[in-house]
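Structure first, commentary second.
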């Protein structure tokens, strides 16, 4: 018999999401309307936390214990009168991931230990609503995740508000159709990653987050990154030395480099030469993914059959008959 799973011990904060609209559901909300929100909320909080602590919203391999604990939000109650108020418990970072805060010098953008995933989500929504193309708060997968919230809205719900008395997120923090549109625009404006080889000095290592910082002689002067595969402890001996990093450069919507997804980090074979700077994105790469339109019953190859059927119907409607066109009047002169 399997032992029941236990939730990591962590002090939680109370947070709310308010579902509002011109004709809100109040407390009598249909289950199918809560489904899309609850389905998207957990991965959104997880990716938002991962982005702020690790520098990327998605990562390969098993989820580290501290990230699983910090992302473990729970729906505990709901009520409403006009609007629907969902009540959540969200782990406080300093309690859910104490090891990260006991280490002293960490990632410069490390959130305060008294914050939760909901606080970071509020900050993220504010960055997107302002269309901050140079923000380091999101990457393309996280923008895609925010855009998925469009399935939550209907004629009864047109906004989600994060906030409550005693907790005031930045900008009031409303997730609306406008924010979803902004997320889609920023996603489409973000250039595709490109393969790079970079030589610089390995200046910082964060083993718990598989992250590093590289100082460059060229531009930019420094760049942060993460090791995609392998054990980052294996490169501990390279700390403070010149190294070569092979991997993918990931860019912001502005075109500036956001991070390096490193596949391999080795001792530098010699002088940096042309490898002391990160090249910009490939021209036009920000729009190539938007050109891939999925085929539907009325697009692609299917469009040929659909147009053919439409023309045949149009002929039948306009034809005064009988005529000699077999596809229009199969019976020709005998058509009635």
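The values are calculated or read from the model by the stated rules, or taken from the named source; none is laboratory data. Since the model is a prediction, treat every value here as computed from it, not as a measurement. Every residue, glycine among them, receives a Cβ derived from its backbone with ideal geometry; neighbour counts consider all protein chains shown.
Among the criteria (1) surrounded by 11 or more Cβ atoms within 10 Å (Cβ to Cβ); (2) over 25 Å from the mean Cα position of the chain (by Cα), the one residue 231 does not fulfil is (1). Among the residues of region 189-218, those identified as assigned to a helix (DSSP H, G or I) and within 17 Å of residue 51 (Cα to Cα) are 207, 208, 209.
For residue 84, the requirement of being in a strand (DSSP E or B), crowded, with 21+ Cβ neighbours inside 10 Å and touching a residue at least 12 places away in the same chain (Cβ under 8 Å) is met. Annotation: residue 147 fulfils all but one of (1) buried (at least 18 other Cβ atoms within 10 Å of the Cβ); (2) touching a strand residue (DSSP E or B) at 6+ places or on another chain (Cβ under 8 Å); (3) assigned to a helix (DSSP H, G or I); the unmet one is (2). Note on region 32-54: among residues that are farther than 19 Å from residue 99 by Cα and touching a strand residue (DSSP E or B) at 6+ places or on another chain (Cβ under 9 Å), the one that is surrounded by the fewest Cβ atoms within 10 Å (Cβ to Cβ) is 38.
When both residues are 6+ apart or on different chains and their Cβ atoms are under 9 Å apart, which pairs have a first residue that lies in region 153-168 and is in the same structural domain as residue 32 (by TED's automatic domain parsing), and a second that is exposed (fewer than 13 other Cβ atoms within 10 Å of the Cβ) and modelled with pLDDT of 90 or more? Going by the 9 Å Cβ cut-off, the qualifying pairs are 153/177; 158/177; 159/177.
Confirm whether residue 186 is over 23 Å from the mean Cα position of the chain (by Cα) and in contact (Cβ under 8 Å) with a residue 40 or more places away in the chain. In short, no. Look at (1) closer than 27 Å to residue 261 by Cβ; (2) at pLDDT below 95; (3) outside any helix (DSSP H, G or I) and you find that residue 100 fails only one, number (3). Scanning region 219-253 for residues that are over 27 Å from residue 187 (Cβ atoms) and in a loop (DSSP other than H, G, I, E, B) gives 221, 230, 231, 239, 240, 241.
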